[in-house]
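J.: My questions will all concern the structure given below.
The values are calculated or read from the model by the stated rules, or taken from the named source; none is laboratory data. If you're wondering where the values come from, they're calculated on a predicted model, not measured in any experiment. Positions of Cβ are backbone-derived with ideal geometry, glycine not excepted, and every protein chain shown enters the neighbour counts.
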């Protein structure tokens, strides 16, 4: 019995050892990198090489690698290895992703990597990595966390944790406070959170166990964490960044994943839209402020005096901190105002409220117009000076002054004051930046010229304003995504100088993507969504026939993208009249994305069910919509993607026109170039939804003859362009069907991991061979 | 929309890019790599069988479900999918009984959201062949229903096996030939897959157009295989894969089965005692002329049958002839795989032992027992059809 047991144990040890050996330890340019998988894709190796070079040079990088090739794990394993090897050079990794599920995915990959590290080195893990999200996702207070909207949770939380509320609690114990925050504040700040990997749920568990508030714990812990994973907004949105990310160390590496839309995020975070409703709510805000002030004056005049003297001192503290490099600078709080005291005209509370009132009245007057007005910031300032004698300087301090006032007045529910905060931000921005912004006042929407709905768009045209502090502060910023082509445009519009710009292709054992450009119907009528011909009966019929034919040969799911909701509605209505819809429904069920989020997610759910059950389904959706950005159609959920037309942005919009003009004047980017770039990146995003890895496969059909032109084709990512041969450029529907059928049959043949080995999947030995290294060198293309 | 029979004219059909098949492969990995994978799979088919003694389910009960929906009118197989499929099925049925003499088969068609049983489970190829010939003229309409047809097949399998008191280890199989890319089901098919799993019924699918998710799941859960055809010859190859008995599920227990080996009694007209009599198998089929003189008599109950193999209607004994059993013998002891060597490394006379042709392929195959050399085609032929090495046979005889 005993020898048998011994043998068994030996076997067990052998198996465990074997498992350990199987995982990879790589030598990347002299750096030992632990890689928690048995095999590695050649492009991952190449990606890590480029990344290492970027970190060595302490510069910024733009890297494009197709989705499904393990970008995340490559990034994490290299940067973690770098942190371990040179702990003084890189102290922190800040990983920015877009959505909560994506954040969770990153943390899981990280956990795998760290498990592998501990197994290998047998040392205790001393890394602290955590995810951060909004209060809504982290709150464990029984009443607060039950609220449904993020704003409500924030407001309620604030009313329980604000400093003066807690001060009141001291004198009056019946005043409710959040016990989790109290506990954290009393104990949590002294005791560091033990090293480990924390996703949102882990944080909550930890918080519950200790009785600490996970949200504040996380916010506090990111200062000394080795890895932080959170959303873009914590770095890019000046309002949030100031609260959360201000004190992040300078020697951090910042990664923006899925960053193909980063310029739009930047612009959105700096733009302000003011409607009449905002102004009305602002009016009530001002009245509340006034009442509170007069009340406080009777009871506690000393407090207001104290504030006054503080304002005379100016914002010196913040200034000192920024100069000594403690803080990330905030574009809403420009450097100049830090050196000055708040101007006398708005120093007392009453004067400030009076000032806000005047400003508000002015804005109201501006909204009472009947024609569109577009003007620059200096023009606006001049006008406001002439009309209501408001100077530039006090405007600039508006945001800071309001914050101070709200603090002094001890107003608990900040959420209510969002309107006036918005206005004050607008005031500060408009008086600070004379370039890069434009003001457009529209009395009505273009579609409904009879209904008065005046909007003041204060729109940012220069994405580099919001991201500038990030590039300036952190030593390495990596921008990466599956679709960043053409690579040279991002450094230009974000105004930075990268040290590495590279695009990686997908090495494939079999060609699992099949891009086809369909330019004509069987009747030889050109297919295009060009404005002049989009109402053409023949074009719509041909689009319908294309979808019908594809529905007969593609199994399971097809996703079709249109250029806009209106265009989709028109086409679908016309297909219905022509009886095409009825024919399609014999092959597959049809689901439609709408502007309603709930309806869309319902449609999506049913779509997936139909694909799962073998009935087959078609999802009609819109480029730039919810589906095109965030939803993946793996395997059978998307065997084909059809892009009907080129998804140009609506060019008649005044905001866009202003932005194009700005780009032309400032960055020498021609309007047409930018529009095409923008359209093609969205088209690439759409068709890229279907291929999410090397075992996946799918047809990519571009149904517009304009795609065949070199200027469009050349802007597709390299990994799609590679497979676009001359033979698949200007096809008719029939040819497409033949090619598609052939492709789908080829792809349905059994495909095992062994077939990939050595070609697109490498073991350590294969990786070290001479000619493989040569091949890898070709994968990265320097732009 | 393309339902009108007029569309069947050749010049109205789609382009066929026949030149694509012959495409020289200078850039793409697609054609070459897929074909290479296919070739490997072909070889692997018997390579895998060679390893160890796999238990095989020799007594098979197989239902073939043939999709007869609208998509079967597609002309990518000649003259259309339906005709081509039925022709191959005829061939398949013959091969099946040739190689699995003690097994049974049944045919189901599905169209217009319904399933229809063409023939019941039976061991006589004639009836199936007749039914298949008749089915060529039927029209293809509507969508198929995977659920309904599987349901019919399950009922058929379970009923037969219970009424005939079959031992538990008989293999129950369903083969679906699926042309459509959609299925119209009255209920959740995943529940049915669970039932199939519980009943240990193996479902395999041959797709005629592309990979459908539900079939992938269906075959994976029930332990079957799923293949999609490339062209007609590939179709035939895939179909022939199902001629071989599948490995028996390991859980089924070993048991002995009683079998009868009736002698063929030939009675001549001159014999006075001989009287013409009916065969027992004519009880349910009235089509053929009834009275015959000789026949096989069940050793247990003396019931008369004209054809073997058969299940005795009276006592339930399986009646087979010795050659039948012998023929299924080779499945249990397959010919060992030949050793593959590249042509450059091979030294010796460059002609194939079997076909006497010159060796031109990139590799040659050597029998491990007799050291004779064969070409690829002969290697496949020997392993697929002959099941014994001609080289070894020769040496056996001479020694």
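J.: Conditions: (1) away from chain B (no Cβ under 14 Å); (2) crowded, with 18+ Cβ neighbours inside 10 Å; (3) closer than 23 Å to residue B:212 by Cα. Residue A:699 meets all but one. Number of the miss?
T.: Result: residue A:699 passes all but (1).
J.: When residue A:711 is evaluated against the numbered criteria (1) in the same structural domain as residue A:629 (by the TED database); (2) at pLDDT below 90; (3) not in a helix (DSSP H, G or I), which criterion, by number, is the only one it fails?
T.: Going through the list (1) in the same structural domain as residue A:629 (by the TED database); (2) at pLDDT below 90; (3) not in a helix (DSSP H, G or I), residue A:711 breaks only (3).
J.: Which condition number in (1) crowded, with 16+ Cβ neighbours inside 10 Å; (2) farther than 25 Å from residue A:295 by Cβ; (3) touching a helix residue (DSSP H, G or I) at 6+ places or on another chain (Cβ under 7 Å) is the one that residue A:426 fails?
T.: (3)
J.: Now for a separate question. Across the stretch A:121-156, what is the number of residues that are closer than 27 Å to residue A:94 by Cα, buried (at least 19 other Cβ atoms within 10 Å of the Cβ) and at pLDDT below 85?
T.: Residues flagged as closer than 27 Å to residue A:94 by Cα, buried (at least 19 other Cβ atoms within 10 Å of the Cβ) and at pLDDT below 85 within the stretch A:121-156 amount to 1.
J.: Of these, A:337, A:346, which one is at pLDDT below 90, within 34 Å of the chain's Cα centre (by Cα) and surrounded by 20 or more Cβ atoms within 10 Å (Cβ to Cβ)? If you could, list the steps in order and put the result at the bottom.
T.: Details: A:346 fails: within 34 Å of the chain's Cα centre (by Cα).
Of the residues listed, the single one that is at pLDDT below 90, within 34 Å of the chain's Cα centre (by Cα) and surrounded by 20 or more Cβ atoms within 10 Å (Cβ to Cβ) is A:337.
J.: Anything in the stretch A:585-603 that is under 17 Å from residue B:182 (Cβ atoms), crowded, with 17+ Cβ neighbours inside 10 Å and more than 10 Å from chain B (Cβ to nearest Cβ)? List them, or say none. Don't jump to the end; show me each part of the working.
T.: Looking only at the stretch A:585-603, we keep the residues that are under 17 Å from residue B:182 (Cβ atoms), and these are A:585-591.
Filter once more, keeping what is crowded, with 17+ Cβ neighbours inside 10 Å: A:587-591.
Answer for the stretch A:585-603, where residues must be under 17 Å from residue B:182 (Cβ atoms), crowded, with 17+ Cβ neighbours inside 10 Å and more than 10 Å from chain B (Cβ to nearest Cβ): A:590, A:591.
J.: Given the condition within 14 Å of chain A (Cβ to nearest Cβ), touching a residue at least 60 places away in the same chain (Cβ under 8 Å) and surrounded by fewer than 18 Cβ atoms within 10 Å (Cβ to Cβ), answer yes or no: does some residue in the stretch B:94-105 qualify? Reasoning before the result, please.
T.: Restricting attention to the stretch B:94-105, the residues satisfying the condition of being within 14 Å of chain A (Cβ to nearest Cβ) are none.
No, every residue in the stretch B:94-105 fails to be within 14 Å of chain A (Cβ to nearest Cβ), touching a residue at least 60 places away in the same chain (Cβ under 8 Å) and surrounded by fewer than 18 Cβ atoms within 10 Å (Cβ to Cβ).
J.: Please determine whether any residue of the stretch A:763-773 is under 20 Å from residue A:514 (Cα atoms) and either crowded, with 16+ Cβ neighbours inside 10 Å or within 14 Å of another protein chain (Cβ to nearest Cβ) (or both). I'd like the intermediate steps shown before the answer.
T.: At the first step, the residues of the stretch A:763-773 found to be under 20 Å from residue A:514 (Cα atoms) are none.
No, that holds for no residue.
J.: Determine which member of the set B:233, B:171 is surrounded by fewer than 17 Cβ atoms within 10 Å (Cβ to Cβ), within 16 Å of the chain's Cα centre (by Cα) and away from chain A (no Cβ under 12 Å).
T.: Working: B:171 fails: surrounded by fewer than 17 Cβ atoms within 10 Å (Cβ to Cβ).
B:233 is the lone residue from the list that is surrounded by fewer than 17 Cβ atoms within 10 Å (Cβ to Cβ), within 16 Å of the chain's Cα centre (by Cα) and away from chain A (no Cβ under 12 Å).
J.: Quick one: which of A:758, A:740 is in contact with a helix residue (DSSP H, G or I) (Cβ under 6 Å, 6 or more places away or on another chain) and within 18 Å of residue A:506 (Cα to Cα)?
T.: Working: A:740 fails: within 18 Å of residue A:506 (Cα to Cα).
Testing whether each residue is in contact with a helix residue (DSSP H, G or I) (Cβ under 6 Å, 6 or more places away or on another chain) and within 18 Å of residue A:506 (Cα to Cα) leaves just A:758.
J.: Give the stretch A:610-632 a look and list any residue that's more than 12 Å from every other protein chain (Cβ to nearest Cβ) and either surrounded by 19 or more Cβ atoms within 10 Å (Cβ to Cβ) or on the phi > 0 side of the Ramachandran plot (or both), or say none. Give the derivation first.
T.: Step one: list which residues in the stretch A:610-632 are more than 12 Å from every other protein chain (Cβ to nearest Cβ), which gives A:619-632.
A:619, A:620, A:621, A:622, A:623, A:624, A:625, A:627, A:628, A:631, listed by residue number.
J.: Got a sec? Which of B:155, B:216, B:182 is within 14 Å of another protein chain (Cβ to nearest Cβ) and surrounded by fewer than 22 Cβ atoms within 10 Å (Cβ to Cβ)? Step through it out loud before you land on a result.
T.: Working: B:155 fails: within 14 Å of another protein chain (Cβ to nearest Cβ); B:182 fails: surrounded by fewer than 22 Cβ atoms within 10 Å (Cβ to Cβ).
Sole residue among the options that is within 14 Å of another protein chain (Cβ to nearest Cβ) and surrounded by fewer than 22 Cβ atoms within 10 Å (Cβ to Cβ): B:216.
J.: Would you confirm, using the coordinates I've provided, whether residue A:759 is more than 26 Å from residue B:209 (Cβ to Cβ), within 12 Å of chain B (Cβ to nearest Cβ), at pLDDT below 85 and within 35 Å of the chain's Cα centre (by Cα)?
T.: Working: more than 26 Å from residue B:209 (Cβ to Cβ): yes; within 12 Å of chain B (Cβ to nearest Cβ): yes; at pLDDT below 85: yes; within 35 Å of the chain's Cα centre (by Cα): yes.
For residue A:759, the condition - more than 26 Å from residue B:209 (Cβ to Cβ), within 12 Å of chain B (Cβ to nearest Cβ), at pLDDT below 85 and within 35 Å of the chain's Cα centre (by Cα) - is met.
J.: Only one residue in A:67, A:97, A:46 is under 27 Å from residue A:485 (Cβ atoms) and at pLDDT below 85. Which one? Steps first, answer last, please.
T.: Working: A:97 fails: at pLDDT below 85; A:46 fails: at pLDDT below 85.
Among A:67, A:97, A:46, only A:67 is under 27 Å from residue A:485 (Cβ atoms) and at pLDDT below 85.
J.: Let me ask something else about it. Taking the criterion of being part of a loop (DSSP other than H, G, I, E, B) and in contact (Cβ under 8 Å) with a residue 12 or more places away in the chain, would at least one residue in the stretch A:374-382 satisfy it? Walk me through how you get there before you give the answer.
T.: So in the stretch A:374-382, the residues part of a loop (DSSP other than H, G, I, E, B) come out as none.
Taking every residue of the stretch A:374-382 in turn, none turns out to be part of a loop (DSSP other than H, G, I, E, B) and in contact (Cβ under 8 Å) with a residue 12 or more places away in the chain.
J.: From the residues in the stretch A:529-556 that are surrounded by 22 or more Cβ atoms within 10 Å (Cβ to Cβ) and not in a helix (DSSP H, G or I), which one is farthest from the other protein chains (Cβ to nearest Cβ)?
T.: Applying the filter and picking the extreme gives A:529.
J.: With the requirement that a residue be without any contact (Cβ under 8 Å) to a residue 60 or more places away in the chain, under 18 Å from residue A:565 (Cα atoms), in contact with a helix residue (DSSP H, G or I) (Cβ under 6 Å, 6 or more places away or on another chain) and assigned to a strand (DSSP E or B), what does the stretch A:585-634 give you?
T.: Across the stretch A:585-634, the qualifying residue is only A:591.
J.: Now a separate question. Looking at the stretch A:736-745 only, could you name the residues that are touching a strand residue (DSSP E or B) at 6+ places or on another chain (Cβ under 8 Å) and either modelled with pLDDT under 90 or more than 7 Å from chain B (Cβ to nearest Cβ) (or both)? Steps first, please.
T.: Looking only at the stretch A:736-745, we keep the residues that are touching a strand residue (DSSP E or B) at 6+ places or on another chain (Cβ under 8 Å), and these are A:736, A:739-740, A:743-745.
A:736, A:739, A:740, A:743, listed by residue number.
J.: Can you tell me which of (1) more than 28 Å from residue B:112 (Cβ to Cβ); (2) in contact with a helix residue (DSSP H, G or I) (Cβ under 6 Å, 6 or more places away or on another chain); (3) not in a loop (DSSP other than H, G, I, E, B) is the one residue B:245 doesn't meet?
T.: Condition (3) is where residue B:245 drops out.
J.: Just give me the residues in the stretch B:74-91 being buried (at least 18 other Cβ atoms within 10 Å of the Cβ) and either in contact with a strand residue (DSSP E or B) (Cβ under 8 Å, 6 or more places away or on another chain) or within 14 Å of chain A (Cβ to nearest Cβ) (or both), in sequence order.
T.: If the condition is that a residue be buried (at least 18 other Cβ atoms within 10 Å of the Cβ) and either in contact with a strand residue (DSSP E or B) (Cβ under 8 Å, 6 or more places away or on another chain) or within 14 Å of chain A (Cβ to nearest Cβ) (or both), then B:74, B:76, B:77, B:81, B:85, B:86, B:89 are the ones that fit.
J.: Can you tell me which of A:476, A:485, A:481 is surrounded by 21 or more Cβ atoms within 10 Å (Cβ to Cβ) and farther than 30 Å from residue A:244 by Cβ?
T.: Values: A:476 fails: farther than 30 Å from residue A:244 by Cβ; A:481 fails: farther than 30 Å from residue A:244 by Cβ.
Exactly one residue qualifies, and that residue is A:485.
J.: Right, something else. If you take the residues of the stretch A:557-584 that are more than 12 Å from every other protein chain (Cβ to nearest Cβ) and outside any helix (DSSP H, G or I), which of them is surrounded by the fewest Cβ atoms within 10 Å (Cβ to Cβ)?
T.: Among them, the one singled out is A:564.
Rundown of residues vs (1) in contact (Cβ under 8 Å) with a residue 40 or more places away in the chain; (2) within 24 Å of residue A:637 (Cβ to Cβ); (3) part of a helix (DSSP H, G or I), yes/no style:
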| site | (1), (2), (3) |
| --- | --- |
| B:173 | yes, no, no |
| B:176 | yes, yes, no |
| B:181 | yes, yes, no |
| B:191 | no, yes, yes |
| B:196 | yes, no, yes |
| B:204 | no, no, no |
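J.: Taking the stated definitions as given, is residue B:115 part of a helix (DSSP H, G or I), at negative phi and assigned by the TED database to the domain that holds residue B:83? Break it down stepwise before answering.
T.: On the way: part of a helix (DSSP H, G or I): no; at negative phi: yes; assigned by the TED database to the domain that holds residue B:83: yes.
For residue B:115, the condition - part of a helix (DSSP H, G or I), at negative phi and assigned by the TED database to the domain that holds residue B:83 - is not met.
J.: For a quick check of your reading: which helices (runs of 4 or more DSSP H) sit entirely within the stretch A:198-255 and have at least 2 residues that are at pLDDT 90 or above and touching a strand residue (DSSP E or B) at 6+ places or on another chain (Cβ under 8 Å)? Spell out how you get there, then give the answer.
T.: Working: elements: A:200-210, A:214-221, A:233-236, A:238-244.
Because the criterion is at least 2 residues that are at pLDDT 90 or above and touching a strand residue (DSSP E or B) at 6+ places or on another chain (Cβ under 8 Å), the helices (runs of 4 or more DSSP H) in the stretch A:198-255 that meet it are A:200-210.
J.: While we're here: Quick check on residue B:209: is it touching a residue at least 60 places away in the same chain (Cβ under 8 Å), touching a strand residue (DSSP E or B) at 6+ places or on another chain (Cβ under 8 Å), within 9 Å of another protein chain (Cβ to nearest Cβ) and closer than 23 Å to residue B:86 by Cβ?
T.: Here the answer is yes, as residue B:209 does meet what is asked.
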